[in-house]
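I have placed the structure first, in the form of structure tokens, so that the comments after it can refer back to it.
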Amino acid sequence: MTPGGLWDSGKYEIKALIKYNGKITDTVTLDFSGPSTFKGEAKVSRPGEYEIIVYAYDPLTGNTGVDRKAVTVN
């Protein structure tokens with residue numbers, strides 16, 4: 001996925017949802033940073049278990065890819 005490529009990253013909505021205690025606490029837009037690589041920044045205010053859900057959504061076709069990761073903040 002690259003800007004202007006076969007999988008044009010500029011045509012997708014790519015975001016990360018940050019969850020704490022089962023509730024979404026932040027939504028972060030992810031920006032292209034290299035082939036099939038995206039980055040964003042989220043600030044957390046307290047230690048604990050967080051879940052990060054990343055998705056890429058194509059509004060033209062409705063196709064969506066999703067991944068999840070649990071992280072611990074000390």
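The values are calculated or read from the model by the stated rules, or taken from the named source; none is laboratory data. Since this is a predicted model, take the numbers as computed values, not measurements. Positions of Cβ are backbone-derived with ideal geometry, glycine not excepted, and every protein chain shown enters the neighbour counts.
Among the residues of segment 6-39, write down those that are among the small types (G, A, S) and touching a Gly at 6+ places or on another chain (Cβ under 8 Å). Walk me through how you get there before you give the answer.
We begin by selecting, within segment 6-39, every residue among the small types (G, A, S); these are 9-10, 16, 22, 33-34, 36.
If the condition is that a residue be among the small types (G, A, S) and touching a Gly at 6+ places or on another chain (Cβ under 8 Å), then G10, A16 are the ones that fit.
Residues of segment 23-48 that are in contact (Cβ under 8 Å) with a residue 24 or more places away in the chain and over 15 Å from the mean Cα position of the chain (by Cα): P35, V44, R46, P47, G48.
On inspection, S36 fails the criterion of being surrounded by 10 or more Cβ atoms within 10 Å (Cβ to Cβ), touching a Pro at 6+ places or on another chain (Cβ under 6 Å) and either on the phi > 0 side of the Ramachandran plot or at pLDDT below 90 (or both). When the residues of segment 6-25 are filtered to those that are among the hydroxyl-bearing types (S, T, Y) and within 12 Å of S36 (Cβ to Cβ), the one that is surrounded by the fewest Cβ atoms within 10 Å (Cβ to Cβ) is S9.
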